[in-house]
Amino acid sequence: MFNFIIFFLFFLVLLCFILYTHMTCLLNCLTENGVLELGSTISTRPKGLHQKVLCVCIYKYHILNRSGTFNYDVKYKGATGKSLSSLEQDEGLSKDGFLLNNKRVLLGSGVETFEKSKAALKSWSHLGLDWAFVDPKTAIKEGEKFCVCVKELLPWLMMPLQVVYVNESRKRKGVASFGFGSGTLHGHLLAGEERFSVEIDEKNEVWYEVLSFSKPAHALSVLALPYVKLRQNYFAHESAKLMQNHKMVFLSWGRPSPKDQKACINKSGTFNYDGKYKGFTAKSISSLEQDEGLSKDGFSLNNKRVLLGSGAEVFENAKIALKSWRHFGLDWTFVDPKTQIKQGEKFCVCVKEFLPWVMMPLQVVYVNESSAAKRKRVASFGFGSGTLHGHLLAAEERFSVEIDENNQVWYEVLSFSKPAHILSFVAAPYVKLRQKYFADESAKVMLKHISSSK
């Protein structure tokens, strides 16, 4: 019975919250902007000028135009520029009722990942949620005011903030960072400050962090404090997922259509493995086995090399088979055969795992082709593909065909990989078996193709 009463009171508070925001909006719009603008304010996602003129505000101020000054003690301005440990040791923050919230996740590695993550922050991609967003045209510069628009049940709330600082450090010993902190203004439900930042560390790993301190600044946020805390944690988690797309898994209950594959590719982003290893599969298996960096960073090797036959005709047929993705012509895995084999081309490997199909995005890293010399008959064709964010593995794989000095034609699969998702980490033994099984089956498909071409 007691639990029911608590739930009922909590529901009542939320209901009052909704009614209050609607009534405030009604009064503001009737007195300032006219009745016609009211509907577009509460029934549609706020856009452009609405963020500066129309109100879905829980306070008596118009967003931005009437938000005024910071609503928290100026002695704490810029405090989010410090580390989490420093804030945890700050007795003033806890004494004044501020609560900390922090989320730090690994995005990947390499300068390219860092630069793209920095660009994502500057375009507000970390706030590109269905239920929370910032106008992406908002300039990230000290003193800039902006609105965070949040969907809470029925109304959209527009909460005013101001950029307190922008910190950017250039690379020194491989370390660089970019971040900015924003403070709440009058009209915001909370009083506090929040930092969003990306950093590349000494290990060449790229990290995204959300760090904030806050406390209620309105009676409604006091009453709904447990809900507010949950929403803060949920936002940090969802924002991290946006920045960290490789935590996503692309599934399809039926055979993935070209549209499904395109959607997967569009969400995949950049390579999810260290840029220093890009193109490594162009080397021989013996070179990779001797590379201490790969083993130190947790990569495992997989290799399969089979004799397809002999002669220039077999080599040309094998090359055509690779270019048309015949080596992926299996019942349980495929690549769209229209995919071009050229550097920079993105594509999906679709794999049937038990009930669902898994779509795993990759990008062609290189294409190598050498023609036969006049005196020597050696020639080869091959390409390497690297995994993108959204793939279960962090890896690179080469498929190649070669005709050697003895006029023999060889097909080879060579890869290095490590888990890039909790699922592949937990099921690592199974994943390794599947990799070996695929290499074996791919070799059989190539042999079958050559046999049927004779």
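Conditions (1) in a helix (DSSP H, G or I); (2) surrounded by 17 or more Cβ atoms within 10 Å (Cβ to Cβ); (3) aromatic (Phe, Trp, Tyr), marked per residue:
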| residue | (1), (2), (3) |
| --- | --- |
| Ile265 | yes, yes, no |
| Tyr273 | no, yes, yes |
| Gly293 | yes, no, no |
| Arg305 | no, no, no |
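Can you say whether Gln340 is polar (S, T, N, Q) and out of contact with any Ser or Thr (no Cβ under 9 Å at 6 or more places or on another chain), as far as the supplied structure shows? Yes; evaluated as a whole, the condition is true for this residue.
Do we find that Tyr234 is among the aromatic types (Phe, Trp, Tyr) and crowded, with 16+ Cβ neighbours inside 10 Å in this structure? No: the conditions fail for Tyr234. In region 155-193, the qualifying residues are those that are more than 16 Å from Ala139 (Cβ to Cβ) and among the β-branched types (Val, Ile, Thr), and the one that is surrounded by the most Cβ atoms within 10 Å (Cβ to Cβ) is Thr184. Report yes if Glu115 is surrounded by 15 or more Cβ atoms within 10 Å (Cβ to Cβ) and under 23 Å from the mean Cα position of the chain (by Cα), otherwise no. Yes.
Report the residue count in region 102-112 for those that are within 14 Å of the chain's Cα centre (by Cα) and at positive phi. Summing the residues that are within 14 Å of the chain's Cα centre (by Cα) and at positive phi in region 102-112 gives 1. Note on region 98-112: residues that are among the charged types (D, E, K, R) and either part of a strand (DSSP E or B) or buried (at least 17 other Cβ atoms within 10 Å of the Cβ) (or both) amount to 2. In this entry, Ser214 is excluded by the filter for residues that are modelled with pLDDT of 90 or more, farther than 30 Å from Ala176 by Cα, among the small types (Gly, Ala, Ser) and over 26 Å from the mean Cα position of the chain (by Cα). Scanning region 399-431 for residues that are within 19 Å of Met359 (Cα to Cα) and more than 25 Å from the chain's Cα centre (by Cα) gives a single hit, Tyr430.
The residues of region 194-221 that are under 25 Å from Glu112 (Cβ atoms) and surrounded by fewer than 22 Cβ atoms within 10 Å (Cβ to Cβ), listed by number, are Glu199, Asp201, Glu202, Lys203, Asn204, Glu205, Trp207, Glu209. The residues listed here are Phe280, Phe328, Phe334; of these, the one that is touching a Cys at 6+ places or on another chain (Cβ under 7 Å) and surrounded by 17 or more Cβ atoms within 10 Å (Cβ to Cβ) is Phe334.
The values are calculated or read from the model by the stated rules, or taken from the named source; none is laboratory data. Keep in mind the model is a prediction, meaning the values are calculated, not measured. For neighbour counting, all protein chains shown are included, and Cβ atoms are generated from backbone atoms with ideal geometry for every residue, glycine included.
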